[in-house]
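Undergrad: Please find one structure pasted underneath; my questions will follow.
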Amino acid sequence: MTKILEATYTKGNLILSEALSPNLEGKKLRVLILETPETDEELTREEKLTRFLEHAKQFSFKLPKDYKFVRDEIYDI
């Protein structure tokens, strides 16, 4: 499961913007800390989305033109 939440760090504790699923109770979680720049709060949703997509481009790659995804192949063992 991947979920992105905002949190506020106060007196040594992270206060999440929303509650996590009860299914996660007792599980170890990985937390990635990304500091939000002060100006980020002034951006519109569209500007934030554009910024995210530009950032995500560094993790994308082009597939060969003859590439075909066959969903059934991922289940073949």
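Undergrad: Based solely on its DSSP helices, what 222 nm [θ] is calculated for the chain when runs of n ≥ 4 H residues each add -39,500 (n - 2.57) and the sum is averaged over all residues, nearest 500 deg cm²/dmol?
TA: Working: 1 runs with 12 residues, N = 77.
So the calculated ellipticity at 222 nm is -5000 deg cm²/dmol.
Undergrad: Tell me which of LEU53, TYR75, LEU16 sits at the most positive position along the dipole axis of the chain, charges placed on C-beta atoms (Lys, Arg +1; Asp, Glu -1).
TA: Value: TYR75.
Undergrad: Continuing with this model, one more query. Cross-link partners among lysines for LYS68, C-alpha distance below 26 Å, same-chain residues fewer than 8 apart left out?
TA: LYS57
Undergrad: Taking the chain as the reference, fit the longest principal axis to its C-alpha atoms, fit the long axis of helix 45-56 to the helix C-alpha atoms, and give the angle between the two in degrees, 0 to 90, nearest 10.
TA: 50
Undergrad: What number do you get for region 1-40 when its Cα radius of gyration is normalised by 2.2 N^0.38 Å, N = residues? Before the final figure, lay out the partial values.
TA: Working: Rg = 11.7 Å, N = 40, 2.2 N^0.38 = 8.9 Å.
That ratio works out to 1.31.
Undergrad: Rg and Dmax of the chain, Cα atoms, in Å?
TA: Spelled out, the Cα radius of gyration and Dmax of the chain are 18.5, 55 Å.
We did not get these values from a lab; they are worked out from the coordinates using the rules stated. Quantities reported herein were computed from a predicted structural model and do not represent experimental measurements. Cβ: placed from backbone, ideal geometry, glycine included. Neighbour counts: every protein chain shown.
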